[in-house]
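The values are calculated or read from the model by the stated rules, or taken from the named source; none is laboratory data. Predicted, not measured: the structure shown is a model, and the values here were computed from it. As a convention, Cβ positions derive from the backbone with ideal geometry for all residues, glycine included, and neighbour counts pool all protein chains shown. Calculation scope for accessible area: heavy atoms of the full protein, side chains included, ligands and nucleic acids excluded. Shrake-Rupley method; radii C 1.70, N 1.55, O 1.52, S 1.80 Å.
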Amino acid sequence: MRVALGFWRIGLAFALAFAAGRALADQAQDWLEKASLASRVLNYSGVYVYQHGEHIELMRVMHRVDNGSEQERTEVIEGQPRQFLRVDRDVYALLPDGRVRLERNTFGRFFPAILPLKPSELEGMYQAVLGGQEKVAGRPAQVLWLKPRDGYRHAYQFWLDKRTGLVLRACTVNAAGLTISSFVFSEMQIGAAPDADLFRLDLAGKKLIQSGNDAAQDSGWQVSPPPGYTLIQSTKRSLPGRKQPVTHQLYSDGLSALSLFIEPAADTGISFKGLMVEGGIAVYSRLVGGHKVTAMGEVPSAALILTGNSVRKP
């Protein structure tokens, strides 16, 4: 009887521990959902610092929602001058030489809108874990970790505004626990809609360069990226110093992303092959059938090597 009672107590303890763990996981997932939605439906503006290795830029972002349409202006206010205007999924890049580059139907978004539309899709690649509570830009924040379930992606740490869920700070952390890149607001306003005039785009006297992103475009190459990474963009781009357009494919798991470039080896004039890591960016190159294949991104080297080695010409 005592033995049976002992087993019952052990079973109950395991059941309670499991239930508590599941409850915490559900809370973490709720925070992710809240953060993803907040970046898209709230009006906000602020100044943040972007740091990647020794590279630092001071940025300003303004986000406005008008009749269900998103408008966002992001500009570098300390660093190499650049401005970006996003209207839903179309992004206008205002270049210093007066040109305007338009990327239609783009998947890229700017901080703080860095979480996918459906954060639940990350569950197979990352474990969401709640941390403590801290302050960012004078606002109480909930700390949340996304820890990778394999070696093909880095960890992410987020500080989410306690009231709205908006991401106030984000860090990419490698397996050694080192921060690769970070975004952090130094000042922030949430709720007040920035003036509509700030989002007007004047193209008078400017040259518009337009490129469309078509994820269904067939490159003619077979590629097998790491588990969880899917093709979200495939284009041919003209690059300086290249005689022929370069095939560019972008793969993402919803948070981490890597790029793959394929071009005739004779056009590159670059003899580098193998793996190179500089800061948080890794580059892996190899030759395949007279073409140079280059995989690069802010991801573990294993993800690039696997992707680059998988490239085949049918």
Considering only region 188-208, I want to know if a residue exists there that is open to solvent by less than 20 Å² (accessible area, probe 1.4 Å) and part of a strand (DSSP E or B). no
The residue from PRO264, PRO245 that alone is more than 18 Å from ALA175 (Cβ to Cβ), in contact with an Asp or Glu (Cβ under 9 Å, 6 or more places away or on another chain) and loosely packed, with under 15 Cβ neighbours inside 10 Å is PRO245
Which numbered condition LEU37 misses (of (1) outside any strand (DSSP E or B); (2) open to solvent by less than 30 Å² (accessible area, probe 1.4 Å); (3) modelled with pLDDT of 95 or more): (2)
Using beta carbons and a limit of 6 Å, which pairs, at least six apart or on different chains, have the first residue in region 193-211 and under 11 Å from ARG99 (Cβ atoms) and modelled with pLDDT under 80 and the second one in a loop (DSSP other than H, G, I, E, B) and of a type outside the set (Val, Ile, Thr)? LYS206/GLY98
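Let's see how each residue does on (1) touching a Pro at 6+ places or on another chain (Cβ under 9 Å); (2) farther than 25 Å from LEU304 by Cα; (3) assigned to a strand (DSSP E or B); (4) among the hydrophobic types (A, V, I, L, M, F, W, C):
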| position | (1), (2), (3), (4) |
| --- | --- |
| LEU144 | no, yes, yes, yes |
| LYS147 | no, no, yes, no |
| ALA170 | yes, no, yes, yes |
| ALA176 | no, no, no, yes |
| PHE185 | yes, yes, yes, yes |
ARG242 passes all but one of the listed conditions (1) in contact with a helix residue (DSSP H, G or I) (Cβ under 8 Å, 6 or more places away or on another chain); (2) at pLDDT 95 or above; (3) more than 22 Å from THR179 (Cβ to Cβ); the exception is number (2)
Output the number of residues of region 94-120 satisfying the condition of being in a loop (DSSP other than H, G, I, E, B), within 24 Å of ASN43 (Cα to Cα) and open to solvent by less than 60 Å² (accessible area, probe 1.4 Å). 9
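Let's see how each residue does on (1) open to solvent by less than 50 Å² (accessible area, probe 1.4 Å); (2) within 18 Å of PRO112 (Cβ to Cβ); (3) of a type in the set (Gly, Ala, Ser):
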position: MET125; (1), (2), (3): yes, no, no
position: VAL129; (1), (2), (3): yes, no, no
position: GLU134; (1), (2), (3): no, yes, no
position: GLY138; (1), (2), (3): no, yes, yes
position: VAL143; (1), (2), (3): yes, yes, no
position: HIS154; (1), (2), (3): yes, no, no
position: GLN157; (1), (2), (3): yes, yes, no
position: ALA170; (1), (2), (3): yes, yes, yes
position: SER182; (1), (2), (3): yes, yes, yes
Counted residues in region 65-83 being out of contact with any Asp or Glu (no Cβ under 7 Å at 6 or more places or on another chain) and part of a strand (DSSP E or B) come to 8
